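Quick notes on the structure that follows.
The values are calculated or read from the model by the stated rules, or taken from the named source; none is laboratory data. Just so we're clear, the structure is a prediction, and the values are computed from it rather than from any experiment. Cβ: placed from backbone, ideal geometry, glycine included. Neighbour counts: every protein chain shown. With ligands, DNA and RNA removed, areas are computed over all heavy atoms of the protein, side chains included. Shrake-Rupley method; radii C 1.70, N 1.55, O 1.52, S 1.80 Å.
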Amino acid sequence: MITYINKFNKTFTIILGATLFASLYSCKEKANPASEVKTVKKPNILFIAIDDLRPELGAYGSEVAITPNMDALAANGLLFNNAHCQEAICSPSRASVMTGARPETIKVIENFTYFRDVNPDIVTLPQHLWANGYETVYAGKIFHPGYTDEDLSWSRKIYAGPDVPPIPERIRGYVLEENQEMFKKNRAEVIEKYGENAPRNGLGKGPAYEFADAPDNTYQDGHNTDLAIATMKEMTKKDKPFFLGLGYFKPHLEWIAPKKYWDMYADVDISLATEDSAPKDGASMGLHASFELRARADIPKYGDIDKAQAKNLKRAYLATVSFVDAQIGRMLDALEEEGIKDNTIVILWSDHGWHLGDMGIWGKATNYEIATRVPLIVSAPNMPTQVIGTKTDALVELVDMYPTLCEMAGVSIPEHVEGQSFAPLLNNPKQDWKTAAYSQFPTPALREWAANPLSKGMRETYFGPLIKDVEADIKAQMGASWNRDLFENRLMGYSMRTQDYRLIVWKEYTNPNAEPIFIELYDHTRDPKETVNIAKEQPELVAELLEQFNKGWEGNKAQLKTTKNIL
């Protein structure tokens, strides 16, 4: 959306000045500066969440992704080059973000546990902002579907008036009748054999992608953008700041969007992953067999995905990214047209990355860089001129967004929060910051992509041969350490990313005192694609990093110094 880029670049000005900047960014953690500057209007917050988006954007150096609007946002904000999720799967990642606590703390390590059931009194980010005078509302996917905390987190419902017509009824989002029928048939078959939960466990799917001639707003993400814009216009009429969550379902499978976005890549030379095999000497349980993609009706259930199909799959992923980018452009245009851009914080993030053939697999759900690293962009109206359009290599975690937004909004940070506000980086992106970021995922090779143990249907259908191969590899590598119950139900991979290394510690998560049964170490100064596990070659380095790992997130926080505001 070129008009947005031009408008943004021409009209962006720093108008709020040093007083507001200091009130939003220089307060100490757990403090509430609101009482100090009572006359300052609190900023609005546009909270843009994108599902399954790895940093495949022009702003992050992608040579193929067509993402002018997200690139423009980065050009008018700060891009975080080293941001990591806490678990590379939807519900744990999002529950961690929204509660400000880590997956094991909130007891959510797979997609089927509702954080509120096991943490009835925890205060979510929108709940806290609501209690501090904000209107809070969402459109699309912010929490994991079904776990949306409707009563406690949201002060109002999304727009429901005549200006936004209802979305057409479609089956699984498919436009073409043949794809709808294929999905219905496959779904009915697995339900008949394995019961109502079979679709939840990943069986009975349609094709991996579809691009038909239909308007943007007849698709879920386009429609939700219309609703968000209409809601934003309603809220601007009130003398109240708002927190508007706008969550995009794409580029999550299936890759479905209007055909014009597929056509955008007709002349683009799409290259495939250059490192397309498992890490040398890596953990045999560390990679899955692309279950999430192979569940789709048109994908081989065993063996390699050929290059022609792989290129089409990557093209489909990129096309849905461009579709989402266009919707984001519409939302940002609406902010400016409504005259509230200059008092609105925009924060854009993804819940986790995605392997597109990298390491030989397709999907999320690993502890490696390609799955844990995410795009994160923040644009605030009072950022210093010299920071706008720059990047920071500081290590940050998605769990840090909760305290960051509290600090920027001038509200207290709840005591339960397990992240660290990175608001100081918006003032000085080059300062020393935290020394490690943590992620985790339980045995990718022997879990479904929702991180739950393998179901009977997964074992008995076309996944059976894949699982047999995976188990054989694990047994060969682990020898006497192999234990089915441990590996399927109690083994966790804990990943620690420092500036130079990624350490992955495999241990029993139900026993805090358990010794690691396997360790991986990757040197990002020499091997940024994590192709060789050097743990056996570097025992002293492993011991040093294990000591750092055992300090946990609190022992790796940034040590804040009192510095003069640079404005």
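General observations
- For the chain, accessible area per residue (1.4 Å probe, heavy atoms of protein chains only), Å²: 39
- Where the Cα pairs of the chain fall when distances are cut into 10 Å bins, in %: 3, 18, 29, 28, 16, 5, 0
- Sparse-neighbour loop sites [GluC sites (Glu not before Pro); region 495-567; at most 13 other C-beta within 10 Å; DSSP]: GLU537
- Solvent-accessible area of SER271 with every protein chain in place, 1.4 Å probe, in Å² to the nearest 10: 70
- Over 18 Å between alpha carbons, listed pairs LYS259/LYS314; LYS157/LYS233; LYS41/LYS240; LYS233/LYS259; LYS434/LYS551: LYS233/LYS259
- Kirkwood Rh in Å, taken over region 225-384 so that all alpha-carbon pairs contribute: 18.3
- Cα-projected label distance for LYS301 with ASP500, points at 7 Å along beta-carbon direction, nm: 4.9
- Accessible surface of the chain, 1.4 Å probe: 49 percent of it comes from carbon and sulfur atoms.
- Here the ratio of the Cα radius of gyration of region 332-396 to 2.2 N^0.38 Å is 1.52.
- Only DSSP H runs of four or more residues enter the estimate; each adds -39500 (n - 2.57), and after division by the residues of the chain the mean residue ellipticity at 222 nm equals -9000 deg cm²/dmol.
- Zone of GLU415's modelled label, taken as backbone nitrogen in region 111-131 under 16 Å from a point 7 Å along Cα→Cβ: 121-123
- Note that region 373-415 shows a convex hull volume over its alpha carbon atoms of 93 Å³ per residue.
- Taking the DSSP bridge list for the chain and keeping only pairs wholly inside it, about 50 percent are antiparallel.
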